[in-house]
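Quick notes on the structure that follows.
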Amino acid sequence: MAYAENLLRSVHDYQKLAEQLLPAPSMHYYAFPGSSSQTYKDSIASFSRYRFRPQVLADVSTRSLSTTVLGEPISFPVGASPTALHTLAHKDGEIATAKGVAAANTVLVQSSFSNRLVSEVAASAPKGLRWIQAYLFKDRRITEHLIKEAERAGYKAIVFTVDSPVCGPNYGLEDDYSFFTEDQQTHNNLEFGLAEFEEAKKRGLPGMLDYYNKQFDSCLTWDDVRWFRRITSLPIVCKGILTAKAARQATDAGVDGILVSAHGGRLLDGLPAPIDALAEVVEAVRGRNVEVYMDGGVRTGADVLKALARGAKAVFVGRPILWGLACKGDAGVKHVLDILRSELDYAMALCGCKDVNSIPSDVVVHESYYQYNPKHKL
């Protein structure tokens, strides 16, 4: 079935049109689902395991979707997850993404492996709320440069990815790179004249990929979170946490937020779907003044409501933003977010929920609740 631009009414519609528009290497890079797709597929399917228990006759004539993240206001609790190389989807890359997210009045997390400089992105959407995603590389000059540039450009938080002690398996991703233009291959925020990188660059694409792959640091511990604290005053969010133990360790290390995430299913198959791990993490840090967010598998506003009921302060979406960008640039990014906002508002009304900041936890239950239990009255 061919999808036309005037029939883009859901995130699914955007996905199907993006699959038609994007060159095969670009689509493969964005859609890459790990070695066997288990975690990727389950992250989407997992939402069907949760059921709504609506509150009826609850007077939902007025509803509020606005909230805050780390004290900054956003129009509704859905932001853009960090994803790399946006020029694969649109010539303006992260500049167009930032414009679309800012127009939707929510938060963009820009990837450290983005094509466009943080200064360019900030200038393109000066009123937008932006966070920067970062890895703690072996050569800490790279990470420190990225953070200092983000600070100068007005970014409001650091999202530290903690689930990647080694570079993930490529499964043909390096072959995709060979089809990309030089502009699409460039990670401008990480390339600032270091002699080691310039030497690697002389070997072409293989040299640059080898350079970045070797920057992932398998020696990191929770003590290294404190290094961020020494070089910046920005709030720190740890991304890639899926267990209560890791959530408590992150909180003990002094982070301000936790992003429950399985890295879009791109790294380790067999991880739990983030929506399944969410409640465990929320309970582990309850009362400790840490905000908990979630990404992974969100495709509808109903998915958003389920995550909020399970304890998320906000959710983030990655691939849907790229599909919007590929289809219609910044307007597509905004429209994807608008669709999710409209669907969330609708689901809230039908579930008797008035405010995203006070979604009752019992408005959503796992499907096992309805399995036969002799304690249940028939």
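The values are calculated or read from the model by the stated rules, or taken from the named source; none is laboratory data. The model shown is predicted, which means the values in this text are computed figures rather than measured ones. For neighbour counting, all protein chains shown are included, and Cβ atoms are generated from backbone atoms with ideal geometry for every residue, glycine included. Keep in mind that these areas ignore ligands, DNA and RNA; they rest on the heavy atoms of the full protein, side chains included. Shrake-Rupley method; radii C 1.70, N 1.55, O 1.52, S 1.80 Å.
Numbers below:
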read-out	value
Calculated on alpha-carbon atoms, Rg and Dmax of region 233-272 in Å	11.1, 36
P(r) tail fraction, the chain - alpha-carbon pairs more than 29 Å apart, %	40 percent
Cross-link pairs 99/239; 16/328; 148/214; 156/306; 41/245; 99/127 - those with Cα-Cα distance over 19 Å	99/239; 148/214; 156/306; 41/245
Per residue, the convex hull volume that the Cα atoms of region 20-115 enclose (Å³)	185 Å³
Summed side-chain charge close to residue 103 - residues other than residue 103 whose Cβ falls under 15 Å, Lys, Arg +1, Asp, Glu -1	+2
Longest to shortest principal axis, alpha-carbon extents of region 101-211, angstrom	40, 28, 27
Accessible area of region 148-213 belonging to carbon and sulfur atoms, whole % at 1.4 Å probe	51 percent
In region 261-355, the trypsin sites (Lys or Arg not before Pro) that fall in loop regions by DSSP, at most 13 other Cβ within 10 Å	286, 288
Calculated SAXS-style log₁₀ I(q)/I(0) at q = 0.15, 0.17, 0.21 Å⁻¹ - region 275-378, Debye, Cα scatterers	-0.72, -0.87, -1.12
Cα-based helix-to-principal-axis angle, 319-351 vs the chain, degrees rounded to 10	20 degrees
Those trypsin sites (Lys or Arg not before Pro) in region 164-231 that DSSP places in a loop and that have at most 10 other beta carbons within 10 Å	202
Gyration tensor (alpha-carbon) shape descriptor, region 169-249, a/c threshold 1.5	prolate
Rounded to 10°, Cα long-axis angle of helix 204-213 versus longest principal axis of the chain	50 degrees
Percent accessible area from carbon and sulfur atoms, region 215-260, protein chains only, probe 1.4 Å	48 percent
Calculated FRET value between residue 182 and residue 119, using beta carbons and R₀ = 25 Å, to 0.05	0.80
Carbon + sulfur, % of accessible area of region 277-378 - ligands and nucleic acids excluded, 1.4 Å	49 percent
Accessible area in square angstrom per residue, the chain, 1.4 angstrom probe	43 Å²
Cα-only radius of gyration and Dmax that characterise region 299-350, units Å	11.5, 33
Cα gyration tensor shape for region 124-163, rounded if a/c is under 1.5, else prolate or oblate	oblate
